[in-house]
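This report refers to the structure that appears directly beneath it.
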Amino acid sequence: MDIPYTVTPRQDTGLFNAKVGIWLFLASEVMLFGALFSSYILLRVGAAPGTWPHGLLNIPLGTLNTLVLIASSMTVIMAWASLKMNRFGNFKIFQGLTVLCALTFVIIKSFEYRDKFSHYEIIKNDGTVLDGHLISQDKDSVTLHLAEPKKHPNAAVIQEEKKEEAAGLKVAHAEAGAEGAHHAPVTVPRSEIKKMENYGPWHNTYMAIYFTLTGLHALHVIGGALVMSFFWGPGSKMWRTEPERFTNRIEVSGLFWHFVDLVWIFLFPVLYLL
């Protein structure tokens, strides 16, 4: 028995079955990411003034990934349009480019993740915070490629810095701490370390949100790439027997891919720029 409405649209919806299914699925995806974005907004609004982290992400890499996904949105449309014009060879080219863009996105994101897991914050016993990338460590000491020593950003320290600033002391402390420290390797004895932690999802609320949102999005990118790779490879045999049904499948996978791209268009400014 043939499944109805795989090619021709239903009379009540004007859509074939697969398109109805993908729109229902995307509606659930909107609720999922909507809840996560709402949680981010509420946590950020509720944070104490001056405590929300800034400048922790690599904006050039994020921008490059944005351009990659925008390019993939165009290639996925061209792949579907090629089938509508009965140009299967062009479909293979554009579908392959879409998969390549997806893999490029994931590779760039993996470099960002690696950077965060090698980026450490060390809180010394005297309250000084050293922030930089790990060079080496052993049982006696830790060496960081230091950016700049700073005070731990909690509410008490912020209030104290405001008092020092009012007394004209803050600039002197900042200059003394930053002098000669930018990008300088610093070795810290473990006996002076109160806490040492990398910038993984456990580091703070911001990093937990970053890894949750971008990690879930990356899983969607990988899933979409697998589906499109199947249609580019063994799944493309359907073109010989049921070309219109195959074209519909490419359209449905393209709708999912456009959703993945749209989510990143929101993620990039919210996490990287604001």
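Want the number for Lys92 to Thr187: 0.36 nm per residue separation, take away the alpha-carbon distance, what's left?
28.8 nm
What ranking of Asp131, Asp261, Asp140 emerges when the number of other C-beta atoms within 10 Å of each C-beta is taken as an exposure proxy, fewest first?
Lowest count first: Asp140, Asp131, Asp261.
Between Leu67 and Trp202, what is the FRET efficiency for a Förster distance of 41 Å, r being their Cβ-Cβ separation, to the nearest 0.05?
0.85
How far is it, in nm, from the label point at Leu100 to the one at Asp138 when both lie 7 Å from their Cα along the line to the Cβ?
It works out to 4.7 nm between the two label points.
Determine, from the Cβ-Cβ distance of Phe25 and Ser118 and an R0 of 35 Å, the FRET efficiency 1/(1 + (r/R0)^6), rounded to the nearest 0.05. Each step should come with its number before you reach the end.
Working: r = 37 Å, r/R0 = 1.05.
With R0 = 35 Å, the Cβ-Cβ based efficiency is 0.40.
Name the shape class, rounded, prolate or oblate, that the alpha-carbon gyration tensor gives for segment 1-126, where a ≥ b ≥ c are the square roots of its eigenvalues, rounded holds for a/c under 1.5, and otherwise prolate holds if a/b is larger than b/c and oblate otherwise.
Working: a/c = 3.64, a/b = 1.79, b/c = 2.04.
Oblate, because a/c is 1.5 or more while a/b does not exceed b/c.
Over segment 194-274, what relative contact order in percent results from Cα pairs under 8 Å that are six or more residues apart?
Result for segment 194-274 is 27 percent.
Set the bar at 29 Å for Cα to Cα. Now go through Lys19/Lys92; Lys109/Lys237; Lys109/Lys139 and name every pair that lies beyond it.
Lys109/Lys237; Lys109/Lys139
Ala48 to Ile77: extension gain in nm, 0.36 nm per residue of separation minus the Cα-Cα distance?
6.0 nm
None of the figures in this text is laboratory data; all of them are computed from the coordinates on show. This structure is a prediction, so every number in the text was calculated from the model and none was measured. Every residue, glycine among them, receives a Cβ derived from its backbone with ideal geometry; neighbour counts consider all protein chains shown.
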